[in-house]
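Reading through the structure tokens given below for one structure.
The values are calculated or read from the model by the stated rules, or taken from the named source; none is laboratory data. As the structure is a computational prediction, the values presented were derived from the model and not from experiment. Cβ atoms come from the backbone with ideal geometry, glycine included; neighbour counts cover every protein chain shown. With ligands, DNA and RNA removed, areas are computed over all heavy atoms of the protein, side chains included. Shrake-Rupley method; radii C 1.70, N 1.55, O 1.52, S 1.80 Å.
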Amino acid sequence: MAYDAFLLVSFGGPEGPDDVVPFLRNVTRGRGVPDERLAAVAGHYPHFGGVSPINGQCRELLATLGPAFATAGVDLPVYWGNRNWTPMLTDTVAAMRDAGVRHAIAFVTSPYGSYSSCRQYLSDIEQARAAVGLDAPVIDKIRHYHDHPGYVQPHADAVHAALGVLPERAPARTRLVFTAHSIPTAMDATSGPDGGRYTAQLRETAELVAAAAAPELAWDLVWQSRSGAPHVPWLEPDVSDHLESLAAAGVTNVVLSPLGFISDHLEVLWDLDVEAAATARKLGLNVARAATPGTDPRFVAMIAELVADRLDPAGAVHRGLGTVATWDTCPVDCCAPRRPVPDNGAHE
């Protein structure tokens, strides 16, 4: 496929205290989220200087992609646009058009399939193209990468390193706990062509990571960052509730692995390093939090490899990666939202 640009698409986040409330209003626009909910989420940001780490992490990722692209033989200009904060995706697509870009390949900072983690980004891209209008570049999205070794191996090594921090790892008293962003159960039911793709992909990744890091240990997949109305069913159990269940069952050592995240978003820092850590202290649990891939060279090389695959699908076969995955082009009704679009929270 002939592509003439690479586009990094992410969620975006505030870069100073004055950005926090406007950012949250962007996230929740049209969803009827009350001001009290925004105030509660905004209260997390002062703990981190009013700055979300996600934009800085995107800059770090972009800085590492240049050498990785060169190694993979990828020669494309690099752009970056966000859903909810500067650089806004529409502005970036306009800049691409002005530079003469005709057909770009996009990498989204979410490995999994659901409305919020995949379909909504596709919609964001199309809305940005529509806003730019005539001569807006065509933009294709790279496939889900939840099972790629470049994503699995950094998570597995991080879990192995976290186990080394714990005082012991006896199987009867030690548990691996993988976390991901909770979503409404109705959203999971419409994830992927046949439903349930979000939870199925996360379970597959958890199995791969656990097998590589500590096959002798039991593991659980739990959820964090729920933010919807109490009467709307979301994926459960919550990570803090699950820690209470583990403590009651005699578990004393836990590794928390934020498997649903490619980097240490604010939700990882708040929900795990603050709230879950406080729960663990109260329960007397030994907890170590595993790192996320971030700019691990294997993760960065994976992005370059996936781009190279789309530039030359035949080359992917030669590297033993198979042909382009079937979900490079999602069916029109894949991950369709239930109306109204549920509040999936002011999250990254």
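Counting only residues that are under 14 Å from the mean Cα position of the chain (by Cα) and not aromatic (F, W, Y), how many does the stretch 115-141 have?
Adding up the residues that qualify gives 5.
I'd like the full set of residues that are in contact (Cβ under 8 Å) with a residue 12 or more places away in the chain, among the polar types (S, T, N, Q) and open to solvent by 40 Å² or more (accessible area, probe 1.4 Å), limited to the stretch 221-257.
Correct list: T252 only.
Taking the criterion of being over 15 Å from V177 (Cα atoms) and within 15 Å of the chain's Cα centre (by Cα), would at least one residue in the stretch 228-239 satisfy it?
no
Yes/no per residue for (1) assigned to a strand (DSSP E or B); (2) within 18 Å of the chain's Cα centre (by Cα); (3) under 17 Å from W223 (Cα atoms):
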{"site": "E267", "(1), (2), (3)": "no, yes, yes"}
{"site": "W270", "(1), (2), (3)": "no, yes, yes"}
{"site": "V274", "(1), (2), (3)": "no, no, yes"}
{"site": "A278", "(1), (2), (3)": "no, no, yes"}
{"site": "R298", "(1), (2), (3)": "no, yes, no"}
{"site": "A301", "(1), (2), (3)": "no, yes, no"}
{"site": "R310", "(1), (2), (3)": "no, no, no"}
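In the list Y115, Y151, which residue meets the criterion of being within 30 Å of V255 (Cβ to Cβ) and at pLDDT below 95?
Among Y115, Y151, only Y115 is within 30 Å of V255 (Cβ to Cβ) and at pLDDT below 95.
Counting only residues that are touching a residue at least 60 places away in the same chain (Cβ under 8 Å) and under 24 Å from A301 (Cα atoms), how many does the stretch 64-86 have?
Adding up the residues that qualify gives 15.
So in the stretch 90-100, with the set limited to residues that are within 25 Å of the chain's Cα centre (by Cα) and farther than 16 Å from R59 by Cβ, which one is surrounded by the most Cβ atoms within 10 Å (Cβ to Cβ)?
Within the stretch 90-100, the match that is surrounded by the most Cβ atoms within 10 Å (Cβ to Cβ) is V93.
Looking at (1) over 23 Å from the mean Cα position of the chain (by Cα); (2) over 26 Å from E168 (Cβ atoms), which one does R203 not meet, given that it meets all the others?
Exception for R203: condition (1).
Taking the criterion of being modelled with pLDDT under 95, surrounded by 14 or more Cβ atoms within 10 Å (Cβ to Cβ) and part of a loop (DSSP other than H, G, I, E, B), would at least one residue in the stretch 62-81 satisfy it?
Scanning the stretch 62-81, I find no residue that is modelled with pLDDT under 95, surrounded by 14 or more Cβ atoms within 10 Å (Cβ to Cβ) and part of a loop (DSSP other than H, G, I, E, B), so the answer is no.
Could you pull out the residue among G260, G320 that is surrounded by fewer than 22 Cβ atoms within 10 Å (Cβ to Cβ) and either modelled with pLDDT under 95 or part of a loop (DSSP other than H, G, I, E, B) (or both)?
The match here is G320.
Just to be sure I understand, how many residues within the stretch 133-165 are open to solvent by 20 Å² or more (accessible area, probe 1.4 Å), of a type outside the set (D, E, K, R) and either farther than 18 Å from T292 by Cα or part of a loop (DSSP other than H, G, I, E, B) (or both)?
Selection size over the stretch 133-165: 5.
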